[in-house]
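Some notes on the structure that comes next.
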């Protein structure tokens, strides 16, 4: 039993020491290199693709403004929407004010 505990303790301590060395190496050497290369890649991407994206966005805004409907189309559409809304409200009021048929009292709702 004593031998098993010694082997187990040695394995755990060895794993902990190895993990600590790996963390130290990563923090001291690998992380700064990784961050620097990532920052450089982002800057290159901005320099290469940024002007292209900017030009496409400008062109999209110009095309969107050009494709806006004319004043007459907007006026006619607004009138149509307003008329449809009035029709819906008017029909709703007609249904609400229509008298409902009365059931004779004492009659069950379901005759089955």
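Laboratory data are not the source of any read-out in this text; all were calculated from the coordinates shown. On a predicted model such as this, the values are computed, not experimentally measured, just so you know.
Some notes on this structure:
- Net lengthening on full extension, residue 47/residue 22 (0.36 nm per residue, minus Cα-Cα): 5.5 nm
- On full extension, the segment bounded by residue 81 and residue 4 gains 19.3 nm, given 0.36 nm per residue less the C-alpha separation.
- Gyration tensor analysis over the Cα atoms of region 2-66 returns equivalent ellipsoid semi-axes of 56, 14, 5 Å (largest first, whole Å).
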